[in-house]
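What follows is a set of notes on a single structure, which appears directly below.
What follows is calculated from the coordinates using simple rules that are stated; it is not laboratory data. Keep in mind it's a predicted model, so treat the numbers as computed, not measured. All Cβ positions, glycine included, derive from the backbone under ideal geometry; neighbour counts span all protein chains shown.
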């Protein structure tokens, strides 16, 4: 799911609407976020749906400050995905003036990254084969 907001706005107000849309497709066991997205309304919304919030508390928040640290270690995967999208100069610098054009380019970049990931995982390795010059590994692409 991709949502586009103004560049000067924080992404946390979009968390609940995006999660509502994604619940139509899948039901996660946990949702991770950083301290910046820590908000009581997001935590309550997740807990009402039996989804574990893996969001550390800010120092000025009240509560038991407990969260699953092992699950939180998987959060950087999302950050790396965003950074892979920002490799595309047009997305990182936002050349497009219209939000619809920019969203189309973000979608296109997502598709390109998905194709690259699929290509990397679909390289089949044939075990070592005996050739005239000795043992070697053949790749089937």
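With the simple spin-label model, which puts each label point 7 Å out from Cα in the Cβ direction, the residue 78 to residue 52 separation comes to 1.6 nm.
Exposure proxy check: 26, 77 ranked by fewest other beta carbons within 10 Å? If you can, show how the numbers build up before the last one.
Working: 26 6, 77 9.
Arranged by neighbour count, lowest to highest, 26, 77 become 26, 77.
Sorted fewest first by neighbouring Cβ atoms within 10 angstrom, 110, 116 come out as 116, 110.
Would you mind ranking 42, 117 by Cβ crowding within 10 Å, fewest neighbours first? Before the final figure, lay out the partial values.
Working: 42 19, 117 12.
Neighbour counts put them in this order, fewest first: 117, 42.
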